[in-house]
Every structure is written in structure tokens, then in C-alpha cells.
Amino acid sequence: MRYFDDFVPDETIQLGQVRVSEAEIVEFARRYDPQYFHVDAERASASIYGGLIASGWHTAALCMRLLVDGVFADSAAMGSPGLDELRWLGPVRPDDVLVGRMTVLEARPSRSKPDRGIVRFRAELDQRGETVLRFVALGMFGRRP
């Protein structure tokens, strides 16, 4: 179990990887972001992307899954007051393998609630050595009892 007290600034936590399929890209996009370059491979091939790409929101959701599986599920996580600096830095294509990491930027105890602290972290997804998603977020975690 990871508590607030276990997060150390400058620590990088490897989150594992996930492969994204064409079927997943299209399924997510049809439901939440049905722009043609996410749902229609033929039209997407004539777009500025040269082919089908995942919605940025799908990419963010994949990152969230890696964060939950890699850190939050086995921690005293209490939710998040938000995120900043969300950037989609490159397209995610069918069969790409995304590798996630979380870097602790800051860990500060709550001034008003001594049972918890706030961890400011950067989450990133890479594919083929290039970062395709980056955001900075805040997470609330319970203190060690």
C-alpha cells in the first residue's frame, strides 16, 4: 500500500504499457469523439494525419488506466482536484504500444486536513521513444496511519 508519505519528489514510477487496437480507437471515438479521422480509416488516410488516429481523450483514458493499475489501485488515493497542462504531443495509431510513467513533482501535506497530502505529478505516455501525451495533475492521498 502506498501512502502520501511514500511519494518522493523526482521519483519516477514506471506504469507499464498498453497496446491500442484499431477496433478500440474506433469504438471509443464513435461513442465520445466521432471526428472522421478517429472513425473512418479511408477518410483519415486523406487527412493531415495520413491515417486513423486515436482521440486524445482515448489516449488520456489509457494513461489513466495505467495510473490506476500502476499506482492508485494499491494506494491510499482519495481522488484529484484536477489537472493542468494537458498536451497531446503526437498521434496514436492502431497497434501502437504506449509506455506510461508518473514523475512526482511535489508532495505536500494538507494544511487543513492532517490525514492527507497532495501529490503533484507529471504523467506521460511514450511510443517508439517519443512522448505522445503529457499532463500535470494533483492527487490526494491518505497519510500513513
Inset, instruction - Any chance you could give the angle, 0 to 90 degrees and rounded to 10, that helix 22-32 forms with the longest Cα principal axis of the chain? - result: 70
Inset, instruction - Give, rounded to the nearest 20 debye, the magnitude of the charge dipole that the chain has about its Cα centre when Lys and Arg contribute +1 at Cβ and Asp and Glu contribute -1 at Cβ. - result: 540
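Å³ per residue of the Cα convex hull, for the chain?
106
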Inset, instruction - Using only Cα atoms, tell me the angle between helix 56-70 and the longest principal axis of the chain; keep it within 0 to 90° and round to the nearest 10. - result: 40
Inset, instruction - Using a 10 Å cut-off on Cβ atoms, rank the peptides 33-39, 83-89 from the highest mean neighbour count down. - result: 33-39, 83-89
Inset, instruction - Would you work out which of V8, G79, G117 lies farthest towards the positive end of the dipole of the chain, given +1 charges on the beta-carbon of Lys and Arg and -1 on that of Asp and Glu, about the Cα centre? - result: G117
Legend entry - GNM result for the chain, Cα springs below 10 Å: residue of G70, G82, G56 fluctuating most strongly: G82
Legend entry - FRET E, pair D6, E130, Förster distance 22 Å, beta-carbon r, rounded to 0.05: 0.15
Inset, instruction - Set the Förster distance to 30 Å, then compute FRET efficiency between R43 and V97 from the Cβ-Cβ distance, nearest 0.05. - result: 0.75
Inset, instruction - Sticking to Cα atoms, compute the Rg of region 62-143 to one decimal and its Dmax as the biggest Cα-Cα distance, whole number, in Å. - result: 14.0, 46
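We did not get these values from a lab; they are worked out from the coordinates using the rules stated. Quick caveat, the model's predicted, so the values are computed rather than measured. Positions of Cβ are backbone-derived with ideal geometry, glycine not excepted, and every protein chain shown enters the neighbour counts.
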